[in-house]
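Here the structure is laid out as structure tokens; the discussion comes afterwards.
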Amino acid sequence: MSARAERYLAEIGITVYKRRGFVAEPERAPTAPAEPSPAARSAAEPLPAVETPQAWERLAAEVRSCTLCGLHKTRTQTVFGVGRRDAELLVIGEAPGADEDRQGEPFVGRAGQLLNAMLRAIGLPRSEVYIANILKCRPPGNRDPQPEEAGLCTPYLSRQIALVNPRAILAVGRISAQWLLQTDSPIGRLRGRVFQYGTSGTPLVVTYHPAYLLRSPLQKATAWTDLCMVRELLRKQA
Ligand code: SF4
């Protein structure tokens, strides 16, 4: 690990123990295929006939004016997604919170800063990844997304996944992981493994939500092992 990565980790409160000159990382987990899900299937659909940038602009415009579910009534604005449109890594969260609803960008505020720092520590500044949520509008009071809302909004995310065509996906938080993998398994059982998403088999890794890590700092080291797994996946495919 570079001195810079160690400095980033120290700043966010992660201690990485070393042994014989190597960073202690988890055993490589076997690839575990997930049950195909509606979200996964739609994500595997062929790329739109008209590719970037027109497809991006059309998709963004559709989301901006979307009234498919009741969340359009309470949103300040939609939160489409941000980052590099040909990113190697696609980060998928659950839904906008209050800060995101105000600023129109996913993962801002303290949780966003922690996510940024963890990504930087594996050599991926925020500008190098693409970040999106399952829901593009904030659920009132930060309640969990309802399945009908996620079902109506997922086609937008599926189109984003198809357009970015990432080498790996990082599902951030329980809601995101359970929805993308269509499972009720607790996040503790989902993290630490590599799933294959959609028929394209894009590797998908699950980690804790940074908002949870802010409340439970002892779990930061666990989340760091997930990030290391992502880094390894990207390295192997380089
Ligand atoms: S959450 Fe998604 S489906 Fe619901 S109004 Fe917003 S963009 Fe449309």
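The values are calculated or read from the model by the stated rules, or taken from the named source; none is laboratory data. Computed from a prediction, not measured in an experiment: that's the story for all the values here. Because the Cβ atoms are built from the backbone with ideal geometry, glycine has one as well, and the counts that use them run over all protein chains shown. In case anyone asks, the SASA skips ligands and DNA or RNA and just uses the protein heavy atoms, side chains included. Shrake-Rupley method; radii C 1.70, N 1.55, O 1.52, S 1.80 Å.
Rounded to the nearest 0.05, what FRET efficiency is calculated for ARG64 and GLU6 with R0 set to 41 Å and r the Cβ-Cβ distance?
Calculated value: 0.50.
Place the peptides 215-221, 114-120 in order of packing, highest mean first, counting for every residue the other Cβ atoms within 10 Å and averaging per peptide.
Most protected by this proxy first, the peptides run 114-120, 215-221.
On average, how much accessible surface per residue is there in segment 79-118, in Å², for a 1.4 Å probe, leaving out ligands, DNA and RNA?
37 Å²
How far apart, in nm, are two points set 7 Å out from the Cα along the Cα-to-Cβ line at SER216 and at ALA238?
Between SER216 and ALA238, the simple spin-label model gives 3.2 nm.
Leaving ligands and nucleic acids out of the surface, order THR67, THR207, THR199 by accessible area at 1.4 Å, largest first.
Correct descending sequence by accessible area is THR199, THR67, THR207.
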